[in-house]
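Visitor: Let me give you the structure first, and then I'll get to my questions.
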Amino acid sequence: MSREGQILHKLSEILDEMALSLEQFEMSRNPQPHDHFHYGMRTYRDWRMAFTNSLRASVTIFCSGLVWVTTAWPDGLTFMMFVSIVCALFSTLEQPALATKAFLHGTICAVGMSALLDLWVIAQPTTYEMLALCLAVPMLVGGLAFAYLPLILGAVAYNLFLPILIGPLNQGRMDEIMYFNTALPLVLAMVFAMWMYRVFLPFDPDGLRWDMRMAILRGLRQLAARRKPPAPVEVVGRGVDSFVRLSSMAGDTAPFVLERYLGGVLASMTIGLNVLRLRDILARGVLPAGAHRATQDMMNRMQRFSGRYGGQYGRTARATRLAVEYLVQCEQTEINLSVRVEMLRALASLRVIETQLEQNQPFFDAATPYLDQAFPTVQPAQKLQ
């Protein structure tokens, strides 16, 4: 009876939320007249990553300035300018080394095409129409490449630097000396920026995933401890943001490991929503003293839920299991119907938390420095084969 009541209660909530979601989806497809509502998407800032990105860009530009000062290169200022452009474009990306590599390929294509145009083609036309005809094919190639997703970064570099390297004038053209004095700093700047992004504070997917997991566990502790908890939509928003970050930093991560990470993020979002429901239940004060104390003990343990030490996971899971067992006994003997319904609500949330902690132990029990070491590289089904 208790299990059936919990299932029915959760099922009713799911159906209500699904009906609301379908209604909002239908209104988004067929908006009413004079309805200008837009759902606000909140962005979540990672100050540590922002500091790392700014430090990486600053050091790269500073080192390019050192190259200019120490070598007294006449075109060093142009070299530094192109390095600054690359840092401004890619300093906020999580994997700038990959982006600068594609950017370098596009730059090389732009240098080659501009060499053909500057040294051979541009000197021939004598009218504007012939000049436009000569530039039509190279520009068309850049536009087509920009429409193809795998080549989009290279196409950006091609379309950005090709006009700079051509530099058509009304009564002149870019001569050979000016071309080489512009193309050489450009290529060297792309190589230098790509090298700096690979050497100084390089992309570390294991470290980023570890930091993200620690932030998730810290968020669960704050949900249970904060005097004014956040809204459920914020919990969902942070979970979606974690999904996006995991997808962007996948790289060469094994699919099985990535699935476990995604499952852990989804489990943390589910636990967070149920922690908020338990806080609402405790705030109403309908539960009996014993059930209230058992649930509060579980919440107190959740406030100290940390992944750095394996014992914290075990204590939190044990406190949740004990709360479930105690509330099951109390619910079976409770006579007051309203109190029993409230206990069923608490039990439903506690069982969800217990199940998520049990099924995602490698994610929440951070016994190893990096979670990848806690997962096998081959799925159990593959081992049996």
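Coordinate-derived values only; no laboratory data. Predicted, not measured: the structure shown is a model, and the values here were computed from it. Counting neighbours? That spans all protein chains shown, and the Cβs are built from the backbone with ideal geometry, glycine included.
Visitor: Across every pair of different alpha-carbon atoms, what Kirkwood hydrodynamic radius in Å does the stretch 73-152 reach?
Guide: In the stretch 73-152 this quantity evaluates to 15.0 Å.
Visitor: Note the full-extension length gain between A136 and A215 as 0.36 nm times their separation in residues minus their Cα-Cα distance, in nm to one decimal.
Guide: Using 0.36 nm per residue and subtracting the Cα-Cα distance, I get 23.3 nm.
Visitor: Same structure again: Which three semi-axes in whole Å describe the equivalent ellipsoid of the stretch 317-358, each the square root of 5 times a Cα gyration tensor eigenvalue, listed largest first?
Guide: Working from the Cα gyration tensor, I get semi-axes of 20, 10, 5 Å.
Visitor: What's the ranking of 134-141, 8-15 by average number of surrounding C-beta atoms within 10 Å, highest first?
Guide: Listed from highest to lowest mean packing, they are 134-141, 8-15.
Visitor: Using label points projected 7 Å from each Cα along Cα→Cβ, tell me how many nm separate L337 and I152, to one decimal.
Guide: The two pseudo-label positions are separated by 5.8 nm.
Visitor: Using just the Cα positions, wrap the chain in a convex hull and report its mean projected area in square nanometres, one decimal place.
Guide: Across all orientations, the chain yields a mean hull projection of 29.3 nm².
Visitor: Please give the calculated 222 nm ellipticity per residue for the chain, where each DSSP H segment of at least 4 residues contributes -39500 (n - 2.57) and the sum is spread over every residue; nearest 500 deg cm²/dmol?
Guide: Mean residue ellipticity at 222 nm (helix-derived): -25500 deg cm²/dmol.
Visitor: If contacts are Cα pairs under 8 angstrom and at least 6 residues apart, what is the relative contact order of the chain in percent?
Guide: 18 percent
Visitor: Order by neighbour count: R198, R304, fewest other Cβ atoms within 10 Å first, most last.
Guide: Result, fewest neighbours first: R304, R198.
Visitor: Tell me the label-point distance for the pair H105, R227, using the 7 Å Cα-to-Cβ offset, in nm and rounded to one decimal.
Guide: Calculated label separation equals 5.6 nm.
Visitor: With a Förster radius of 51 Å, plug the Cβ-Cβ distance of L184 and H34 into 1/(1 + (r/R0)^6) and report the FRET value to the nearest 0.05.
Guide: Calculated transfer efficiency: 0.30.
Visitor: Quickly work out the V244-to-I177 label distance, labels modelled 7 Å from Cα along the C-beta direction, and quote it in nm with one decimal.
Guide: 5.1 nm
Visitor: Oh, and also: Hey, fewest Cβ within 10 Å first, where do R277, R213, R315 land in order?
Guide: Listed from fewest to most nearby Cβ atoms, that is R315, R277, R213.
Visitor: Please report Rg over Rh for the stretch 54-105, where both radii come from the alpha carbon positions and Rh follows the Kirkwood definition.
Guide: Rounded to two decimals, Rg over Rh is 1.01.
Visitor: Only Cα pairs within less than 10 Å get springs; with that Gaussian network setup on the chain, which residue of Y128, Y179, Y261 has the largest fluctuation?
Guide: Evaluated over the chain, the most mobile residue of the options is Y128.
Visitor: Now, a different point. Using only the C-alpha atoms of the stretch 205-376, find the volume of their convex hull and express it per residue in Å³.
Guide: 102 Å³
Visitor: Compute the distance from the alpha-carbon center of the stretch 102-158 to that of the stretch 228-292, in whole Å.
Guide: Value for the Cα centre distance between the two parts: 49 Å.
Visitor: If the stretch 49-199 were replaced by its equivalent ellipsoid, with semi-axes equal to the square roots of 5 times the Cα gyration tensor eigenvalues, what would those be, largest first, whole Å?
Guide: Taking √(5λ) for each eigenvalue gives 30, 20, 10 Å, largest first.
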